[in-house]
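Contents: one structure, followed by commentary.
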Amino acid sequence: DVVETQEHYKSRWRSIWIMYLTMFLSSVGFSIVIMSVWPYLQKIDPTADASFLGWIIASYSIGQMVASPLFGLWSNYRPRREPLVVSTAISVAANCLYAYVHVPHSHNKYYMLTARALVGFGAGNVAVVRSYIAGATSLTERTSAMANTSACQAVGFILGPVFQTCFTLIGEEGVTWKFLCLQLNMYTTPVLFGALLGVINIILIFAIFREHRVDDMGRQYKSINSDGEGSDVLDQNTEGSIDHIAVVALNVLFFVILFVFAVFETIATPLTMDMYSWTRKEAVFYNGIILSVIGIESVIVFMVVKTLSKKTGERAILHAGLLVVLVGFFILLPWGKKLPNIQWQEIKNNSIPRTAPSEMLMPFWSLQELQLPSNHTAEPVGCPATQSWCLNTPMIYLAQYLSSDVLIGLGYPVCNVMSYTLYSKVLGPKPQGVYMGWLTASGSGARILGPVFVSQIYTHLGPRWAFSLICGIVVASLLLLEIVYKRLIAFSVRYGRMQE
């Protein structure tokens with residue numbers, strides 16, 4: 001008994017597509033610089049270390065964690081266009097600030113920290129996007145719409161590194177416009193491109209986006225956000241209380257899912273530079289390609305999940321996704337005997353220092369670097385001797401790293417879309433802005449703690465400790481899912497209005 005005009009249906013889905021675009025641009029804003037933050041940070045401020053990198057990455061999520069509940073609350077009582085436009089404008093301004101962090105003569109790393117925090121604050125509109133899509137789709141449309149939303153987010157994660165990889169062709173020096181104090185190089189051009197996309201997004205929100213809302217059965221009713229009043233359909237379908245145990249459990253599970261993926265993203269560049277003696281430029285380029293391939297894999301997974309969930313249900317797929325992530329991090333543990341190449345920064349008199357590792361453990365290009373003249377300024381590569389674990393922890397082979405990438409790229413998108421879908425169904429037809437804000441905030445909290453956790457543990461204890469602890473966290477989340485499994489059902493199913 002779906003009561004909806006053709007005109008309303010078309011307008012509703014046009015607005016949903018604008019939300020897909022907003023989600024895409026939000027993820028691009030994060031991923032377009034993720035591979036280049038570390039080398040750019042080293043270039044503009046030599047005082048920054050790997051530990052500060054963790055705070056740079058986390059600052060995005062701190063901003064998003066603060067903003068998400070605020071934008072969610074705003075969207076519950078006012079037209080959603082307002083928080084969407086304001087948040088996107090903040091992101092545009094923050095990207096422009098990032099392009100100028102090289103200008104100050106000191107404390108550059110703190111300017112970068114501020115810019116990334118403001119980009120994250122603007123990305124708090126994810127809560128608005130998710131709550132709108134949850135309210136503008138029926139129960140039967142929800143899984144597909146949430147999968148499409150996550151697919152758009154994944155495409156953003158794909159194209160962000162792709163854009164960054166393309167912009168590496170500009171080089172580290174690039175072009176300087178002195179009258180604007182602006183350097184267009186492989187580090188600044190991506191964020192300026194992101195700012196341009198944000199401006200386009202604002203224009204489309206004004207031109208196309210409209211407020212729409214339907215109940216779980218797909219029946220149209222007036223949106224609180226536009227009229228300030230609901231219809232009788234709204235009152236009839238919001239009777240009953242939300243299962244807050246299921247809500248809290250899903251917040252915890254979503255925290256774990258985002259935590260492990262944040263660890264995976266953050267550690268990619270430092271890990272490959274340490275293990276495979278890649279230069280800064282090589283690490284950005286190769287990891288950009290790897291993450292792009294993983295992103296393509298994720299989009300395929302999202303499309304498959306939409307069909308598979310109709311047969312097995314969201315809960316079973318979430319369980320399987322967590323198991324795949326666990327295997328992915330287990331494979332990433334150091335198992336062999338070969339040690340990584342050690343980075344020796346002080347090379348004098350064209351000779352190999354006494355403390356250097358034997359030639360058997362060093363690749364040909366490392367031996368070449370040791371024979372360079374003392375006045376040569378080649379970038380040191382390898383695992384820094386200042387990280388004591390480099391001297392006794394086996395290296396992670398490239399095959400291990402790539403296999404882990406594939407598995408995590410399979411498990412993460414499954415867990416992401418299923419947790420969002422289950423969450424929106426558990427909440428039911430009530431306004432979800434604040435609840436989605438808290439879910440986004442829990443994910444942002446994970447993105448804060450994940451990079452800080454891995455940068456500290458990895459720097460001081462090495463990959464064996466870091467990835468072992470991640471495996472333990474995923475096992476704990478699997479146990480939690482088993483405990484609350486039967487409670488993760490739709491609001492309308494719980495109160496007997498629909499059958500599962």
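The values are calculated or read from the model by the stated rules, or taken from the named source; none is laboratory data. Remember, predicted model here, so these are calculated numbers, not experimental data. Please note: Cβ atoms are built from the backbone with ideal geometry, for glycine as well, and neighbour counts cover all protein chains shown. With ligands, DNA and RNA removed, areas are computed over all heavy atoms of the protein, side chains included. Shrake-Rupley method; radii C 1.70, N 1.55, O 1.52, S 1.80 Å.
Which members of the range 79-108 meet the condition of being at pLDDT 85 or above and either in contact with a strand residue (DSSP E or B) (Cβ under 9 Å, 6 or more places away or on another chain) or of a type in the set (D, E, K, R) (or both)?
Residues satisfying the conditions are ARG80, ARG81, GLU82, ALA99, TYR100.
Only residues that are of a type in the set (Phe, Trp, Tyr) and either within 11 Å of GLY63 (Cα to Cα) or in contact with an Asp or Glu (Cβ under 7 Å, 6 or more places away or on another chain) (or both): list them for the range 115-142, please. Walk me through it before giving the result.
Our first condition is that a residue be of a type in the set (Phe, Trp, Tyr); within the range 115-142, this holds for 121, 132.
Across the range 115-142, the qualifying residue is only PHE121.
Can you tell me which of (1) β-branched (Val, Ile, Thr); (2) crowded, with 21+ Cβ neighbours inside 10 Å; (3) closer than 23 Å to VAL199 by Cα is the one THR137 doesn't meet?
Every condition holds for THR137 apart from (3).
If you take the residues of the range 179-225 that are among the charged types (D, E, K, R) and modelled with pLDDT of 75 or more, which of them is most open to solvent (accessible area, probe 1.4 Å)? Walk me through it before giving the result.
Let us first name the residues in the range 179-225 that are among the charged types (D, E, K, R), namely 210-211, 213, 215-216, 219, 222.
Adding the requirement that they be modelled with pLDDT of 75 or more leaves 210-211, 213.
On the way: ARG210: 103, GLU211: 38, ARG213: 21 Å².
Looking at the filtered set, the residue picked out is ARG210.
Check whether at least one residue in the range 164-173 is out of contact with any Pro (no Cβ under 9 Å at 6 or more places or on another chain) and not in a helix (DSSP H, G or I), and report yes or no.
Checked against the condition, which is being out of contact with any Pro (no Cβ under 9 Å at 6 or more places or on another chain) and not in a helix (DSSP H, G or I), the range 164-173 yields at least one hit.
For every residue, the table says whether it meets (1) under 20 Å from the mean Cα position of the chain (by Cα); (2) more than 22 Å from TYR110 (Cβ to Cβ); (3) not assigned by the TED database to the domain that holds PHE193.
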{"position": "THR5", "(1), (2), (3)": "no, yes, no"}
{"position": "HIS8", "(1), (2), (3)": "no, yes, no"}
{"position": "ARG12", "(1), (2), (3)": "no, yes, no"}
{"position": "ILE16", "(1), (2), (3)": "no, yes, no"}
{"position": "TYR20", "(1), (2), (3)": "yes, yes, no"}
{"position": "MET23", "(1), (2), (3)": "yes, yes, no"}
{"position": "ILE34", "(1), (2), (3)": "yes, no, no"}
{"position": "VAL37", "(1), (2), (3)": "yes, no, no"}
{"position": "TYR40", "(1), (2), (3)": "yes, no, no"}
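What's the total number of residues in the range 422-459 that are touching a residue at least 24 places away in the same chain (Cβ under 8 Å) and under 30 Å from TRP38 (Cα atoms)? Can you show your working first?
Going residue by residue through the range 422-459, those that are touching a residue at least 24 places away in the same chain (Cβ under 8 Å) are 422-456, 458-459.
Narrowing the set further to residues that are under 30 Å from TRP38 (Cα atoms) leaves 437-456, 458-459.
Going through the range 422-459 one residue at a time, the tally reaches 22.
Quick test of your reading of the structure: SER75 fulfils all but one of (1) assigned to a loop (DSSP other than H, G, I, E, B); (2) touching a helix residue (DSSP H, G or I) at 6+ places or on another chain (Cβ under 9 Å); (3) among the polar types (S, T, N, Q). Name the failing condition by number.
(1)
Only one of GLY29, GLY72, GLY54, GLY63 is crowded, with 21+ Cβ neighbours inside 10 Å, farther than 24 Å from GLY198 by Cα, in contact (Cβ under 8 Å) with a residue 40 or more places away in the chain and not hydrophobic (A, V, I, L, M, F, W, C). Can you tell me which?
Working: GLY29 fails: farther than 24 Å from GLY198 by Cα; GLY72 fails: farther than 24 Å from GLY198 by Cα; GLY63 fails: farther than 24 Å from GLY198 by Cα.
Going through GLY29, GLY72, GLY54, GLY63 in turn, just one is crowded, with 21+ Cβ neighbours inside 10 Å, farther than 24 Å from GLY198 by Cα, in contact (Cβ under 8 Å) with a residue 40 or more places away in the chain and not hydrophobic (A, V, I, L, M, F, W, C): GLY54.
Looking at LYS430, LYS486, can you tell me which residue is basic (Lys, Arg) and modelled with pLDDT of 80 or more?
On the way: LYS430 fails: modelled with pLDDT of 80 or more.
On inspection, the qualifying residue turns out to be LYS486.
Pick from the range 82-91 the residues that are buried (at least 20 other Cβ atoms within 10 Å of the Cβ) and touching a residue at least 40 places away in the same chain (Cβ under 8 Å): which of them is farthest from TYR435 (Cα to Cα)? Can you show your working first?
Our first condition is that a residue be buried (at least 20 other Cβ atoms within 10 Å of the Cβ); within the range 82-91, this holds for 83-84, 87-88, 90-91.
Those still in the list that are touching a residue at least 40 places away in the same chain (Cβ under 8 Å) too: 83-84, 87-88, 91.
On the way: PRO83: 16, LEU84: 17, SER87: 18, THR88: 21, SER91: 23 Å.
Among those residues, the one meeting the criterion is SER91.
Per-residue answers, yes or no, for (1) part of a helix (DSSP H, G or I); (2) touching a helix residue (DSSP H, G or I) at 6+ places or on another chain (Cβ under 8 Å); (3) farther than 29 Å from ASN125 by Cβ:
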position	(1), (2), (3)
GLY450	yes, yes, no
SER455	yes, yes, no
PHE467	yes, yes, yes
LEU479	yes, no, yes
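Any idea which residue in the range 320-337 is surrounded by the fewest Cβ atoms within 10 Å (Cβ to Cβ), counting only those that are touching a helix residue (DSSP H, G or I) at 6+ places or on another chain (Cβ under 7 Å) and at pLDDT below 90?
Among them, the one singled out is LEU333.
Show the residue pairs meeting these rules: Cβ distance below 7 Å; 6+ apart or different chains; first residue within the range 303-331 and among the charged types (D, E, K, R); second residue surrounded by fewer than 17 Cβ atoms within 10 Å (Cβ to Cβ).
Every condition considered, the pairs that remain are ARG315/TYR485.
I'm checking my understanding of the structure. Among residues of the range 389-421 that are without any contact (Cβ under 8 Å) to a residue 60 or more places away in the chain and in a helix (DSSP H, G or I), which one is surrounded by the most Cβ atoms within 10 Å (Cβ to Cβ)? Break it down into steps so the answer makes sense when it comes.
Narrowing the range 389-421 to residues without any contact (Cβ under 8 Å) to a residue 60 or more places away in the chain: 391-392, 399.
Now drop any that are not in a helix (DSSP H, G or I), which leaves 391, 399.
Working: LEU391: 12, ALA399: 9.
By that ranking, first place goes to LEU391.
State all residues of the range 274-303 that are of a type in the set (Ser, Thr, Tyr), within 21 Å of the chain's Cα centre (by Cα) and open to solvent by 20 Å² or more (accessible area, probe 1.4 Å); if no residue qualifies, say none.
Here is the first cut: in the range 274-303, the residues of a type in the set (Ser, Thr, Tyr) are 276-277, 279, 286, 292, 298.
Remaining after also requiring within 21 Å of the chain's Cα centre (by Cα): 286, 292, 298.
Residue satisfying the conditions is TYR286 alone.
If you check ALA117 against the conditions, is it touching a Ser or Thr at 6+ places or on another chain (Cβ under 9 Å), among the small types (Gly, Ala, Ser), open to solvent by 10 Å² or more (accessible area, probe 1.4 Å) and within 24 Å of LYS43 (Cβ to Cβ)?
Working: touching a Ser or Thr at 6+ places or on another chain (Cβ under 9 Å): yes; among the small types (Gly, Ala, Ser): yes; open to solvent by 10 Å² or more (accessible area, probe 1.4 Å): yes; within 24 Å of LYS43 (Cβ to Cβ): yes.
Yes.
Would you point out the residue of the range 8-24, among those that are open to solvent by less than 30 Å² (accessible area, probe 1.4 Å) and not polar (S, T, N, Q), that is modelled with the lowest pLDDT? Walk me through how you get there before you give the answer.
Residues of the range 8-24 open to solvent by less than 30 Å² (accessible area, probe 1.4 Å): 8, 11-12, 15-16, 18-20, 22-23.
Filter again for not polar (S, T, N, Q), leaving 8, 12, 16, 18-20, 23.
Values: HIS8: 79, ARG12: 86, ILE16: 92, ILE18: 92, MET19: 92, TYR20: 92, MET23: 89.
This residue is HIS8.
Being open to solvent by less than 40 Å² (accessible area, probe 1.4 Å), modelled with pLDDT under 85 and part of a helix (DSSP H, G or I) is the filter here, so list the residues in the range 304-319 that pass it.
Matches in the range 304-319: VAL305, SER309, GLU314.
Exactly one of (1) over 26 Å from TYR110 (Cβ atoms); (2) not in a helix (DSSP H, G or I) is unmet by THR47. Its number?
It is condition (1) that THR47 fails.
Residue under question is SER424, and the condition is that it be in contact with a helix residue (DSSP H, G or I) (Cβ under 8 Å, 6 or more places away or on another chain), assigned to a helix (DSSP H, G or I) and modelled with pLDDT of 90 or more; does it hold? Quick ask: steps written out before the conclusion?
On the way: in contact with a helix residue (DSSP H, G or I) (Cβ under 8 Å, 6 or more places away or on another chain): yes; assigned to a helix (DSSP H, G or I): yes; modelled with pLDDT of 90 or more: no.
No: the conditions fail for SER424.
Give me the pairs, please: first residue somewhere in the range 162-176 and on the phi < 0 side of the Ramachandran plot, second residue anywhere and exposed (fewer than 15 other Cβ atoms within 10 Å of the Cβ), beta-carbon distance under 7 Å, and either six or more positions apart or on two chains.
THR165/ILE289
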